[in-house]
Amino acid sequence: MGLALILASAALAAHDPSEDRSVKLDLVARLTTSPETIVLGSSRGRRAQPDYIESLTGHSAFNGAVRAGTAADAFVMTRYLADCAPRAGRRYIWFVDAGLATNGIPPELLADPRSHGYLGLPGALSRQALCRPRGRPDGRHQADGSYTAQVASSLPEHAKNLDAEVAKLVASVREHHGSLNLDTNPRRFVWFEKTLAFMNSHGSRPVIVFNPIQPKVLAELRKYGFPEHRAALTYLRGLHRRYDFVAVDAENIHRWGGSANDFWDPTHIDYANMRRLLAYIVAHSDGALR
């Protein structure tokens, strides 16, 4: 088990079991105007409120982040938006963990036939069928992909005892660091690079953001060198030769004025921290979000 996988496993364990991939695609299909900025990533990006992004940038936004989101999820969402809510030069905020990407396709994504054409699978839908909602509005999300106020106040990420959960994750890092197994197979980056290539080909310069890590957990990771993070930075530096993007490292919350108390659990910042982080991201996006 890699250290980044420890973080991902902890994040996944804290989450609601509801499936939001099809819900987010349905929301795109129902859009009446095409959003200018898109949020991608896992549940750790679902707190990025589109209306706050618009207040910072002047551009409308949509939150397309999904539970346990992968690079394949980002690719499908990006392509689906281009087909069903097209806009040239769209802006992207893509939240990632230190592991950065995997080559896997979540079964929940495969279960929605709207993904098949993008993933090179049989059963690609016609344009008419592709851009049609498949279900009723779920009542949990607003039209811009954010949670309704009622849902946002009662998410299962709210730890009953944050200090205890942080201590548990620190202990897990300490226990498993010796079994570190860095995945160096280039195939794990296939969907990540396909997404970047598609964005660039449509005039977009995405902003890739390393997710924040609770300070005590980050300190424990750094005791063992946090090799996933170093490997990700090296990989991204090399990737700049082929793709145009901005990378913002937000793992250390003190870099962007975050509070250690404003976490819902050891892997999820709350809305107050997310607003601080979004302001930092926009200010350090080298103009890509303006």
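Read-outs throughout are calculated quantities, based only on the coordinates presented, and are distinct from any laboratory measurement. Here the structure is a predicted model, which is why all the values come from computation and not from measurement. Cβ: placed from backbone, ideal geometry, glycine included. Neighbour counts: every protein chain shown.
Quick notes on this structure:
- Dipole of the range 96-186 computed with +1 at Lys/Arg Cβ and -1 at Asp/Glu Cβ about the Cα centre; of GLN128, ASN185, LEU155, farthest Cα towards the positive end is GLN128.
- Panel order for LYS223, LYS216, by other beta carbons found within 10 Å of each beta carbon, from fewest to most: LYS223, LYS216.
- Here the dipole of the chain is about 660 debye; that uses its Cα centre as origin and unit charges on the Cβ of Lys and Arg (positive) and Asp and Glu (negative).
- Extension gain, ASN103-ALA29: 0.36 nm per intervening residue step, less the Cα-Cα distance, totals 24.0 nm.
- Per-selection Rg to Rh, the chain - Cα, Kirkwood hydrodynamic radius: 0.94
- Only lysine pairs 8 or more places apart, or on different chains, with alpha-carbon atoms under 22 angstrom apart are counted in the range 3-283, and they number 5.
- Amide hydrogen neighbours beyond the local backbone of VAL248, cut-off 5 Å, H modeled: ILE208, VAL209, PHE210
- Part-to-part distance (alpha-carbon centres) for the range 105-170 and the range 270-290, which is given in Å: 23 Å
- Neighbour-count ranking [beta-carbon atoms within 10 angstrom, fewest first] of LEU121, LEU278: LEU121, LEU278
- Under the span-like rule (Cα at least 15 Å along the axis, Kyte-Doolittle mean at least 0.0), DSSP H helices of the chain: 3-13, 71-84, 162-176, 190-201, 271-283
- Calculated [θ] (222 nm, deg cm²/dmol) that DSSP helices of n ≥ 4 give over the chain, each run adding -39,500 (n - 2.57): -11500 deg cm²/dmol
- Kirkwood Rh, angstrom, the range 25-140 [1 / mean 1/r, Cα pairs]: 14.7 Å
- The relative contact order of the range 3-283, computed from alpha carbon pairs under 8 Å that lie at least 6 residues apart in sequence, is 25 percent.
- With neighbour counts taken as other beta-carbon atoms within 10 Å, the residues SER172, SER154, SER34 rank, fewest first, as SER154, SER34, SER172.
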